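Coordinate-derived values only; no laboratory data. All of these numbers come straight from a predicted model, not from anything done at the bench. Cβ coordinates were reconstructed from backbone atoms using ideal geometry, including for glycine residues, and neighbour counts include every protein chain displayed.
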Amino acid sequence: MFWLNIKNNKRDNQLLEDPSYSAAVIIGEAKGPLKREIAEIWRHLDWSHPSVAFYGETNAGKSTLIEALRLLFRSHGDRPGESIGDGRPDYTRDTASHPCSCDDARFNLLDVPGIEGNEAKVAAEIESALHRAHIVFYVTADARPPQSSGGDKGRTGTLEKIKRHLKPQAKVWAVYNKKITNPRQISNPIVSEDETQSLAIGENSLDGKMREVLGNHYQGHVVLSALPGFLALADELPYDSRFAPQREKFLNRVNAEEMLAFSGIAEFGALLKREVPTQDQIAQANIRKLHPPIAKAINHLEQEAETQFGRPADELRKQLKKLGPELGLIADDASKAVSRLIDEVTNICIKNMRKKMLEEIDKGLSDDSALKKKIEEILAEEQVGLAKTINSKVRAAAENAYKSCKEALRLVEKYLKDVNAFNSKIFSLSFSHAVEVNTSSGIDWIGLTTAAAAATLLTGGVAAIIAGFGILLGAIRSIWNFFDSDYHKSQQKQELNKNLDEIKPKLRENVKQALQKVETDLRTHILGVIDPLQSVERNFEAAANSVRAAAGDLKSLAQNPSRICQYAESAS
């Protein structure tokens, strides 16, 4: 198919991003050959002269039957029997058209090359003749039904050829041409009981198999023997005709009237005369020949619509109904994990600040300026440390959520693979592209989320903490000079604890605000994992509908004879 021959990145990108492009290609690949095939059939159609084709195996006696009919209808040439084969394969390689008339009926008899010889040499002739024909007689010298290939891919069976060649025909008869070469055979019935059963009794008879492949267009079988009929009617054979000795041999045993009656040629001629199509029937037969390629294109488009687009979209839609709630649970877990960080991070920060300040107080701080300076240093350190802690903790929560999302996508992919949705190469490419967008962007949103949290703390946390310690300094300064060093340290520690307790809720609020934004962003990213896949589903359903619509247009075309003719004329 077309996606196996992608030759440039531009087309590759179009296929990945827009399945409607692929749908347009599929439609074009169906309609292009259809127009060419319709044009080829249209070129061979005969709208004015009724044509009757004699089709069948090599050496089945088609030419002999036609020569007998020409004699019957007194439309023969100067040398009757000249076109009859001599037993060599592929004796008839070109379709011969023989104009005939009977009363007011005028028609052409088409002698079609045999289908069992070297068909490659005569395939075009066979197709052309059958396009011209308005009714067809399948001539066989075997009472048994035509054989199929039996599943052998190396050859095409006669039954498959009949189906391919004659399915478009309005009316088809089978003609069993009983080979009679000895005049003594004329004293017996033309067919035996076994032959009668093989011709008409049961599904595996000739009638059964022909009706199976041709449906209601199969009209039944006719039994005749062309050679005795030809010999009976050929009373003006040239003296040098190769059939003259044979005719004499037959006439020495049985008279011409008996031979003609035995042969069934007269009855067959009457049938043919009755079935010569009218102009309306000619038009109907011709238009019917245009239906198979249209039906073939419709079938192809309908199959492609479902295989490449519709069925994968349906299966993906089923999975998205499950994926949505699953992503909701992942988002809920991520929100809880981030919420738990508020107190955890706040407590870590306060604990670190208290520890460092106590160590500095125990070392001894000479005055309030030294204390203030040390506090500012520790605050600066903790501010950076707090951002790093937040970064680390949020990254861990985000990575857990990211892994859960990847696993959810993996399960979706496994399901789609199990139901053969990826038999559509274009769907496989588009799905993989959507998942790649999700998974590669996952690294980005982890980084962006943690960076956002750290940035919020760096800009909003310092003022609250410094303001809290400003209260501490004011309280300490007022009593600084009245006590000894140990007492000073004790008081500093008490005030430190008091003010850290006051700072803690402010710090917690700062952290909470930062993490709330993280939580919102993280939730948005998690729930957004489904978005590219929803786009794939919508796009593939739209592509399926466009291909279905194209098939629908062809169905409408097939139901309107005048439109079919206009289409064929425009294609020619």
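The H on the amide N of Val222, modeled in the peptide plane, is under 5 Å from the matching H of Ala174, Val175, Tyr176, each at least 5 residues off or on a different chain. Loop-located GluC sites (Glu not before Pro) in segment 295-373 (DSSP state not H, G, I, E or B) with no more than 16 neighbouring Cβ atoms inside 10 Å do not occur.
Once the Cα-Cα distance is subtracted from the 0.36 nm per residue extended length, the Asn188 to Val437 segment shows a gain of 81.3 nm.
Do any of Lys355/Lys489; Lys121/Lys289; Lys403/Lys425; Lys373/Lys393 go past 20 Å between their Cα atoms, and which?
Details: Lys355/Lys489 14 Å; Lys121/Lys289 23 Å; Lys403/Lys425 27 Å; Lys373/Lys393 30 Å.
Over 20 Å apart, Cα to Cα: Lys121/Lys289; Lys403/Lys425; Lys373/Lys393.
Would you mind calculating the gained length between Asp104 and Glu257 on full extension (0.36 nm times residue separation, minus the Cα-Cα distance), in nm to one decimal? Contour length minus Cα-Cα distance gives 52.5 nm.
When peptides 403-415, 219-231, 93-105 are ranked by their average number of other Cβ atoms within 10 Å per residue, the highest-first order is 219-231, 403-415, 93-105. Note on Asp235 and Ser392: the model spin-label points, each 7 Å out from Cα along the C-beta direction, lie 12.0 nm apart.
DSSP loop GluC sites (Glu not before Pro) in segment 152-240 with at most 12 other Cβ atoms within 10 Å of their Cβ, which ones? Of the GluC sites (Glu not before Pro), the ones in loops of segment 152-240 whose Cβ has at most 12 other Cβ atoms within 10 Å are Glu203, Glu236. The label-point distance for Glu569 and Asp94, in a model that sets each label 7 Å from Cα toward Cβ, rounds to 3.2 nm. The phi torsions of segment 373-384, fed into the Karplus equation with coefficients 6.51, -1.76 and 1.60 and a -60° offset, translate into couplings of 4, 5, 4, 5, 5, 5, 4, 4, 5, 5, 4, 5 Hz, rounded to whole numbers, with Gly and Pro shown as x.
Computing Rg and the Kirkwood Rh from the Cα coordinates of segment 51-276 gives a ratio, Rg/Rh, of 0.95. Taking every alpha-carbon pair in segment 336-439 and binning the separations at 5 Å intervals from zero gives 2, 10, 14, 12, 9, 8, 8, 7, 6, 6, 5, 4, 3, 3, 2, 1 percent. Of all beta bridges that DSSP places with both ends in segment 51-276, some 25 percent have antiparallel geometry.
Database remark: amide H of Ile135 closer than 5 angstrom to the amide H of Ser51, Ala53 (H placed geometrically; neighbours at sequence offset of 5 or more, or on other chains; Pro and chain starts carry no H). Applying 1/(1 + (r/R0)^6) with R0 = 22 Å to the Cβ-Cβ distance of Asn497 and Glu376 gives a FRET efficiency near 0.70.
Here the spin labels are modelled as points 7 Å beyond Cα on the Cα-Cβ line, and at Lys273 and Glu40 they lie 3.9 nm apart. I'd like the distance between the alpha-carbon centres of segment 383-423 and segment 517-564, rounded to an integer number of Å. That distance is 27 Å.
Take peptides 127-133, 204-210 and line them up by average Cβ neighbours within 10 Å, highest first, as a rough protection proxy. Can you show the working numbers first?
Working: 127-133: 21.9, 204-210: 19.6.
Highest to lowest by the protection proxy: 127-133, 204-210.
Full extension of the chain segment joining Lys121 with Gln383 gains 85.3 nm, where the gain is 0.36 nm per residue of separation less the Cα-Cα distance.
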